[in-house]
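Below: the structure, in structure tokens.
The values are calculated or read from the model by the stated rules, or taken from the named source; none is laboratory data. This structure is a prediction, so every number in the text was calculated from the model and none was measured. Backbone-built Cβ (ideal geometry, glycine too); neighbour counts: all protein chains shown. Calculation scope for accessible area: heavy atoms of the full protein, side chains included, ligands and nucleic acids excluded. Shrake-Rupley method; radii C 1.70, N 1.55, O 1.52, S 1.80 Å.
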Amino acid sequence: MAFVIGEACIDYMDRSCMEECPVDCIYEGERKLYINPHECIDCGACEIACPVEAITVDRKADPDFKEDAKRFFLEVLPTRAEPVGNPGGAAKIDAIGVDTPMVTAY
């Protein structure tokens, strides 16, 4: 089970969660952060660190944001040539700088 970042993070990327994540599985879009569900170790450190309570365990997350988090990593995002995939840590590829169409539409 992984954690999911929801609507409250859109246009409010505090990044405290990124600092607390021990496995570097939180990736930066243009307007929102995304947790890679395959890299997350379910420690909950990010959930506690989020000042806007945007992070929740996936079984309680908004289904739209849960699916959108998967799309961020599996689908080719606008301006990218390939999916983000599972790079093994956000620091390895830096900020992605683009969001999913769902987040862009907000």
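If K66, K60, K32 are ordered by their accessible area, calculated over protein heavy atoms with a 1.4 Å probe, which sequence runs from highest to lowest?
Values: K66 65, K60 145, K32 5 Å².
From most accessible down to least: K60, K66, K32.
Solvent-accessible surface of region 3-105, taken per residue with a 1.4 Å probe and all protein chains present: 53 Å².
Using a/c under 1.5 as the rounded threshold, could you call region 21-106 rounded, prolate or oblate? The axes a ≥ b ≥ c are square roots of the C-alpha gyration tensor eigenvalues, and prolate needs a/b larger than b/c, oblate otherwise.
Values: a/c = 1.65, a/b = 1.24, b/c = 1.33.
Because a/c hits 1.5 or more and a/b fails to exceed b/c, region 21-106 counts as oblate.
Taken one residue at a time, the phi angles of region 13-24 give Karplus couplings (6.51, -1.76, 1.60, θ = phi - 60°) of 8, 5, 6, 4, 4, 5, 5, 8, 5, x, 10, 6 Hz. Gly and Pro are set to x. Largest accessible area first, the listed residues I93, I41 line up as I41, I93 when surface is computed with a 1.4 Å probe on the assembled protein chains.
Taking a sphere under 13 Å around the Cβ of D24 and counting the other residues whose Cβ falls inside, with K and R at +1 and D and E at -1, yields a net charge of -3.
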